[in-house]
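Everything on this sheet refers to the single structure shown next.
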Amino acid sequence: MGVEFYACDCCGDSRYEEYVDHCGSCGHTLGTCCVVNDYIGSSYAFDYGVRYDGSKEQIEEYGIDPEDYEIDDIVEDSGIDPKFCPFCSGEVVAKEDLFDYLLKKHGLVFEEVKAEYLAQKGAERA
Ligand SMILES: [Zn+2]
Ligand SMILES: [Zn+2]
């Protein structure tokens, strides 16, 4: 039986899979090491899942069968609730997110920037 490790996108530490999950909103891999607004105080990522509030939005978003859930149950496969996510809350900015933003803002295409960068590097070496 293998234990899987995942690297937290926020601090870069590798942790047991139980302690790491994806943010349900931005998709970053996040360990409980770096959650924000933490009033839960658990090491287990599952405890930071989205809690069922009985709303139609949640039922639709997560394909919930209301028969299966009580209010405040953690929704299966919801990942970490974005309210605990340092990226979603703006506490931490991931370089790749910033990068995507810059590309978009300046109407650039990744492959073109990469080609330009490599050509520049080549020119420096020559
Ligand atoms: Zn971390
Ligand atoms: Zn997030």
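Read-outs throughout are calculated quantities, based only on the coordinates presented, and are distinct from any laboratory measurement. Not measured: the values here are computed from a predicted model. Here the Cβ positions follow ideal geometry from the backbone for every residue, glycine too, while neighbour counts run over all protein chains shown.
The amide H of GLY49, built 1.01 Å from its N in the peptide plane, has ASP81 as neighbours under 5 Å, considering only residues 5 or more places off or on other chains.
Give me the count of lysine pairs in the chain whose alpha carbons sit under 19 angstrom apart, restricted to pairs 8 or more positions apart or on different chains. Taking the Cα cut-off of 19 Å, the pair count is 5. Rounded to the nearest 10 degrees, the inclination of helix 95-105 to the longest alpha-carbon principal axis of the chain is 70 degrees. Backbone phi angles across the stretch 27-32, fed through the Karplus curve with coefficients 6.51, -1.76 and 1.60 (θ = phi - 60°), yield HN-Hα couplings of x, 5, 7, 9, x, 5 Hz in residue order; Gly and Pro are listed as x. Restricting the GluC sites (Glu not before Pro) of the stretch 1-70 to loop positions (DSSP other than H, G, I, E, B) with no more than 13 neighbouring Cβ atoms within 10 Å leaves GLU4, GLU70. The residue list SER89, GLN120, GLY79 was ranked by how far each Cα lies along the charge dipole of the chain toward its positive end, using unit charges on Cβ atoms, and GLN120 comes out on top. Karplus-derived 3J(HN,Hα) values for the stretch 3-11, using 6.51 cos²θ - 1.76 cosθ + 1.60 with θ = phi - 60°, are 9, 8, 10, 10, 8, 6, 5, 7, 10 Hz; glycine and proline are entered as x.
Using only the C-alpha atoms of the chain, find the volume of their convex hull and express it per residue in Å³.
Hull volume over Cα atoms, normalised by residue count, gives 178 Å³.
Loop-located chymotrypsin sites (Phe, Trp or Tyr not before Pro) in the stretch 1-80 (DSSP state not H, G, I, E or B) with no more than 10 neighbouring Cβ atoms inside 10 Å: TYR39. Computed over the stretch 29-82, the range of Cα coordinates on each principal axis works out to 33, 19, 15 Å, biggest value leading.
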